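S.K.: Sharing a structure below in structure tokens format, with a few things to ask.
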Amino acid sequence: MMKEVAEKSNSEEMLLKEVRQMADIIASSLPDRIQISALSLKSKIPFKAIALRELLLHRISALATPGVELFEQKKFIPAVILTRSIAETFALFYAMYDKIICFLDTKNIDKLDDFLMPSLVGARNFDKLRSPQNILKWIDCVDKKIIPNFRNNYDNLCEITHPNWAGILGALGKIDHQAFELKLGLIKDSPTQMAGLNTLSSTLMAFYHYYNASADLMLKLNEYFEQSDS
């Protein structure tokens, strides 16, 4: 039993170190502006795509840094809530990556713009704006194309985010049958904490990989419009 506890502690410590390093790397690479003059002036598409890329980088960093801190402080309920938001943000980023690859093959401008605009200015509460993206569609896209069980892991995070069993009694209460009482307070060493950490780690690594890989796509996208009469 002591061996299992030690192994779990080491595993958690390694994951915490891993996510801390990833969050710090992402935070250290945040741009503070986009030089529009360096992009093609023949179309707004390259600007929209690059704007979305960098805005999602900033969003991931804004969520990851406090998320890691909360895991380090063993405040895993708010940590999991932020992790769910990170998973959603990565899903949208991967969708952008996939859509640009598709565009470079098909050259369907309207289809790409119909993705970029709701991503940048989608909202439910403002009639003049586009309808927002259906994020579950992109969660399923990630699950199908690159990270098996991504949807299942996301759904598990939702169970804690919502005031369901996992986020209430499963996280904050423990029945003592001998004392015939309900002990209240955050349950330490909950399996939910490790599940959240694993999801955070894999999602940050995937985001970092596709963020770097998207740099070449952005160049190709800009070059296409610079050389095109569209």
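The values are calculated or read from the model by the stated rules, or taken from the named source; none is laboratory data. From a predicted model like this one, the values you see are computed outputs, not experimental measurements. All Cβ positions, even for glycine, are placed from backbone atoms using ideal geometry, and neighbour counts span all protein chains on display. To get the accessible areas, we keep the full protein, side chains included, count just its heavy atoms, and leave off ligands, DNA and RNA. Shrake-Rupley method; radii C 1.70, N 1.55, O 1.52, S 1.80 Å.
S.K.: Do we find a residue being out of contact with any strand residue (DSSP E or B) (no Cβ under 7 Å at 6 or more places or on another chain), modelled with pLDDT under 95 and open to solvent by less than 10 Å² (accessible area, probe 1.4 Å) anywhere in segment 51-63? Give the steps one after another, and end with the answer.
M.R.: Initial filter on segment 51-63 (out of contact with any strand residue (DSSP E or B) (no Cβ under 7 Å at 6 or more places or on another chain)): 51-63.
Narrowing the set further to residues that are modelled with pLDDT under 95 leaves none.
Checked against the condition, which is being out of contact with any strand residue (DSSP E or B) (no Cβ under 7 Å at 6 or more places or on another chain), modelled with pLDDT under 95 and open to solvent by less than 10 Å² (accessible area, probe 1.4 Å), segment 51-63 yields no hits at all.
S.K.: Moving on to the next point. Suppose the filter is outside any helix (DSSP H, G or I), of a type outside the set (S, T, N, Q) and surrounded by 12 or more Cβ atoms within 10 Å (Cβ to Cβ); does Leu186 pass it? Please lay out each step first, then the result.
M.R.: On the way: outside any helix (DSSP H, G or I): yes; of a type outside the set (S, T, N, Q): yes; surrounded by 12 or more Cβ atoms within 10 Å (Cβ to Cβ): yes.
So Leu186 fits the description; yes.
S.K.: Inspect segment 35-43 for any residue being closer than 19 Å to Ala215 by Cβ, assigned to a helix (DSSP H, G or I) and in contact (Cβ under 8 Å) with a residue 24 or more places away in the chain and give the result as yes or no.
M.R.: no
S.K.: Filter segment 93-128 down to the residues that are closer than 21 Å to Tyr210 by Cβ, among the polar types (S, T, N, Q) and surrounded by 12 or more Cβ atoms within 10 Å (Cβ to Cβ) and list them by number.
M.R.: Ser119
S.K.: What's the total number of residues in segment 44-65 that are over 12 Å from Leu200 (Cβ atoms) and either without any contact (Cβ under 8 Å) to a residue 40 or more places away in the chain or not aliphatic (A, V, I, L, M) (or both)? It would help to see each step written out before you state the result.
M.R.: Within segment 44-65, the subset over 12 Å from Leu200 (Cβ atoms) is 44-59, 61-62.
Filter once more, so that each one left must be either without any contact (Cβ under 8 Å) to a residue 40 or more places away in the chain or not aliphatic (A, V, I, L, M) (or both): 44, 46-48, 53-54, 58-59, 61-62.
Count: 10.
S.K.: Would a scan of segment 208-220 turn up a residue that is among the small types (Gly, Ala, Ser), at pLDDT 90 or above and surrounded by 13 or more Cβ atoms within 10 Å (Cβ to Cβ)? Outline the logic, then answer.
M.R.: First pass over segment 208-220, keeping only residues among the small types (Gly, Ala, Ser): 213-215.
Next, only the ones that are at pLDDT 90 or above stay: 213-215.
Next cut, surrounded by 13 or more Cβ atoms within 10 Å (Cβ to Cβ) only: 214.
Yes, segment 208-220 contains at least one residue that is among the small types (Gly, Ala, Ser), at pLDDT 90 or above and surrounded by 13 or more Cβ atoms within 10 Å (Cβ to Cβ).
S.K.: Can you find even one residue in segment 32-45 that is open to solvent by 40 Å² or more (accessible area, probe 1.4 Å), within 22 Å of Ile139 (Cβ to Cβ) and modelled with pLDDT of 95 or more?
M.R.: no
S.K.: Now a separate question. Is there any pair linking a residue in segment 77-98 that is closer than 11 Å to Leu136 by Cα to one that is not in a helix (DSSP H, G or I), with Cβ under 8 Å and at least six apart or on different chains, and which?
M.R.: What qualifies is Leu92/Gln133.
S.K.: Just checking, how many residues over segment 116-170 are over 18 Å from the mean Cα position of the chain (by Cα), part of a helix (DSSP H, G or I) and under 22 Å from His58 (Cα atoms)?
M.R.: Here the count works out to 2.
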